[in-house]
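K.L.:
Just passing along the structure, written as structure tokens.
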Amino acid sequence: MSIDGAYDTENIFAKILREEMPCVKVYEDENTLAFMDVFPQSRGHMLVIHKHEQARNLLDISSCGLKQIMKSVQKLARAANIALSPDGIIITQFNGGPAGQTVYHFHVHIIPKYHGGLKPHAQMGDNGDGMADRDELNMLATQIKSALITD
Ligand code: 5GP
């Protein structure tokens, strides 16, 4: 899909927001939701989305919405750092299919980086076999939640 175009309300993150699809939630506030990536590139890979803005990518989202998301991104990156002690943390996002975007509801990736390589991006496998173990995601979410600092 191109970088331009209309927002598709049937995208997977819109379904998660409508609770038509499950997610392993880590954090939620009035405007943003953070949950575990089910095809994680590393241990503790999370995604942060806006709950109300129908933005496909960085070009679409309002500056206010972006600020709300980035505030949550910082909060969760700090919590992941405390909970998981990675060697670094990658914050990234993709705009348009040719750039690597696969889900067209604006989101920011928080990818803890440990020594060694990352798994490939959005690697779902032919039968969804790149999917993380649910119990492991729940355990990681619990660890990260316990390290969330209120501000
Ligand atoms: P993008 O490729 O758009 O930057 O990132 C989409 C991300 O969503 C990928 O990292 C992919 O692993 C993740 N993802 C795809 N489908 C699902 C899903 O159903 N649930 C969750 N939690 N993550 C998903």
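K.L.:
Considering only residues that are away from the ligand (no atom under 12 Å from the Cβ) and in a loop (DSSP other than H, G, I, E, B), which ones fall in segment 111-121?
P.N.:
Result: Y114, H115, G116, G117.
K.L.:
From (1) part of a loop (DSSP other than H, G, I, E, B); (2) more than 9 Å from the ligand (Cβ to nearest atom), pick out the condition that doesn't hold for M124.
P.N.:
Here M124 meets the rest and fails (2).
K.L.:
Out of all the residues in segment 52-67, is one or more assigned to a helix (DSSP H, G or I) and in contact (Cβ under 8 Å) with a residue 24 or more places away in the chain?
P.N.:
For segment 52-67, residues assigned to a helix (DSSP H, G or I) and in contact (Cβ under 8 Å) with a residue 24 or more places away in the chain: present.
K.L.:
Filter segment 68-88 for residues that are among the small types (G, A, S) and not in a loop (DSSP other than H, G, I, E, B); which is farthest from S42 (Cα to Cα)?
P.N.:
By that ranking, first place goes to S72.
K.L.:
Out of (1) in a loop (DSSP other than H, G, I, E, B); (2) of a type outside the set (F, W, Y); (3) closer than 18 Å to L33 by Cβ; (4) touching a strand residue (DSSP E or B) at 6+ places or on another chain (Cβ under 7 Å), the odd one out for I91 is which?
P.N.:
Result: I91 passes all but (1).
K.L.:
Would you point out which residue out of K25, K15, K75 is within 13 Å of the ligand (Cβ to nearest atom), basic (K, R) and within 20 Å of I149 (Cα to Cα)?
P.N.:
K25
K.L.:
Within segment 94-110, count every residue that is polar (S, T, N, Q) and either assigned to a strand (DSSP E or B) or open to solvent by 20 Å² or more (accessible area, probe 1.4 Å) (or both).
P.N.:
Matching residues across segment 94-110 total 2.
K.L.:
Next question. In this structure, does G117 turn out to be touching a His at 6+ places or on another chain (Cβ under 7 Å), surrounded by fewer than 17 Cβ atoms within 10 Å (Cβ to Cβ) and under 17 Å from F39 (Cα atoms)?
P.N.:
Considered against the rule, which asks whether it is touching a His at 6+ places or on another chain (Cβ under 7 Å), surrounded by fewer than 17 Cβ atoms within 10 Å (Cβ to Cβ) and under 17 Å from F39 (Cα atoms), G117 comes out as no.
K.L.:
Checking G96 against (1) over 16 Å from Y27 (Cα atoms); (2) free of Cβ contacts under 8 Å to residues at least 60 places away in the same chain, which test does it fail?
P.N.:
Tallying (1) over 16 Å from Y27 (Cα atoms); (2) free of Cβ contacts under 8 Å to residues at least 60 places away in the same chain, G96 fails exactly one: (2).
K.L.:
Kindly indicate whether G88 is open to solvent by less than 30 Å² (accessible area, probe 1.4 Å) and free of Cβ contacts under 8 Å to residues at least 24 places away in the same chain.
P.N.:
Considered against the rule, which asks whether it is open to solvent by less than 30 Å² (accessible area, probe 1.4 Å) and free of Cβ contacts under 8 Å to residues at least 24 places away in the same chain, G88 comes out as no.
K.L.:
Then there is this: Among the residues of segment 18-45, write down those that are surrounded by 19 or more Cβ atoms within 10 Å (Cβ to Cβ) and under 18 Å from D60 (Cβ atoms).
P.N.:
T32, L33 - these are the residues of segment 18-45 that are surrounded by 19 or more Cβ atoms within 10 Å (Cβ to Cβ) and under 18 Å from D60 (Cβ atoms).
K.L.:
Just to be sure I understand the filter: pairs with C-beta atoms under 8 Å, separated by 6 or more residues or on different chains, first member in segment 3-24 and without any contact (Cβ under 8 Å) to a residue 12 or more places away in the chain and under 21 Å from L140 (Cα atoms), second member open to solvent by less than 60 Å² (accessible area, probe 1.4 Å) and within 12 Å of the ligand (Cβ to nearest atom). Which pairs pass?
P.N.:
M21/K15; P22/I16
The values are calculated or read from the model by the stated rules, or taken from the named source; none is laboratory data. Every value quoted in this text rests on a predicted model; they were computed, and no experiment measured them. With ideal geometry, Cβ positions are generated from the backbone for all residues, glycine too; neighbour counts draw on all protein chains shown. SASA here: full protein model, heavy atoms, side chains in, ligands and nucleic acids out. Shrake-Rupley method; radii C 1.70, N 1.55, O 1.52, S 1.80 Å.
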